Amino acid sequence: MADTDKSTLSSVPLNSLRAIYTVARKGSLRAAASEIGVTESAISQHIRRAEQRLGTRLFVRLSSGLIPTEILATTLPLLAVGFENLAEAAARLQPARQRALGITVGNVFAGRFLIPRMPDFAQRHTGIDLNLEINGFVTDLSRSEIDCGIRFGAGKWPLVKSRKLSSCSLLVVCSPEFAAKVRRPEDIRHLPIIRDSSTEADWPNWLRAAKLESLFPLNFLSSYADPSISFEAAINSHGLLLAVDILAAEAVMRGDLVSPLPIRLESASQYWLVSAEGRQQTENQRIFENWLMRQARQAKVLTEGG
């Protein structure tokens, strides 16, 4: 390392760089302090000292928060890679069997797909613990304790590597008791439809695929913002639900749900296994990914019989 590199690094300590990087990502002193676990005053001092030693401003201070200056904004990708490498190095210093695999996942995928299958993973891979962070937010994948995540969408997110778990289709499901009311596709005109905010916009496309577009608008029930509640409503015979096939698979296998109509619509959004760009895949992560892919393929097959 050149002397100039040594003097620059010594003038801006690693803790200060971490504070600067975290504020730039979070946009405020409070959010950065909460993530790092220090006071706002400590974060502010790190930034002020770094600016004094570097002789340049790093943030524009607005009432809405702190905005990186141009010189910091152009440096953020290097800081991101640097901290990802440090996190990876720290992880590799731990024996593989002593470190849980950190996974961020949304509520509905966790409840309807992943958690019911976790006993299978635990039985097959006794040396790998899974640490799930379950929420409805898009989690920052650069965090050291997060190895990978599962997201629903088009598969294009900034600074993220994505691998599709499975092609997803939308199909109509309901309880076996409710299915007795569906003798032909046209019957849905007079039946209650569970309004699930995650798939509601796809109903016109499903009707078009079924050549039933003239039936829209349907007889929608009250809206459920949480897809997990929508599934419970369908299981309890409240109405018909347009659902992602791999999420419905577990309930179909148990007999809680059936698919009374053969029409399937390819979903515009898919489930993806994602990780931070530039981070190397660990052996435990590779094992989890392969297992998850197999589970997704098997789940899709379960719903193909209706």
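What follows draws every value from the coordinates through simple rules; no lab data is involved. Source: prediction; values computed, not measured. FYI the Cβ positions are ideal-geometry reconstructions off the backbone, even for glycines, and counts take in every protein chain you see.
Odds and ends about this structure:
- Set of aspartates and glutamates near Lys211 by C-alpha distance (under 19 Å), chain-local residues within fewer than 8 positions excluded: Glu186, Asp187, Glu200, Asp202, Glu266
- Between region 243-293 and region 169-217, the alpha-carbon centres lie 22 Å apart.
- Treating r as the C-beta distance of Ala225 and Ala154 and R0 as 35 Å, the FRET efficiency rounds to 0.95.
- Distance between the pseudo-spin-label points of Lys164 and Asn85 (7 Å out from Cα toward the beta carbon): 3.4 nm.
- Among Ile287, Ile36, Ile194, residue whose mean-square fluctuation peaks in a GNM of the chain (springs only between Cα atoms under 10 Å): Ile36
- Model label sites at Glu133 and Asn15, defined 7 Å from Cα along the beta-carbon direction, differ in position by 2.3 nm.
- Maximal additional length on extending the Asp120-Glu40 stretch stands at 24.4 nm, based on 0.36 nm per residue less the C-alpha distance.
- Computed from the C-beta positions of Arg294 and Ile71 and an R0 of 41 Å, the FRET efficiency is 0.30 to the nearest 0.05.
- Neighbour-count order for Phe231, Phe83, fewest beta carbons within 10 angstrom listed first: Phe83, Phe231
- The chain: most fluctuating residue of Thr22, Thr199, Thr126 per GNM, C-alpha cutoff 10 Å: Thr126
- Along principal axes, Cα extents of the chain, largest first, whole Å: 79, 47, 29
- Principal-axis tilt of helix 283-304 within the chain, Cα atoms, nearest 10 degrees: 20 degrees
- With Cα atoms, 0 to 90° folded angle of helix 245-254 axis to the chain main axis: 60 degrees
- For Cys148, Cys174, order by how many other beta-carbon atoms lie within 10 Å, fewest first: Cys148, Cys174
- Above 21 Å, the calculated P(r) of region 3-92 contains 28 percent of its Cα-Cα pairs.
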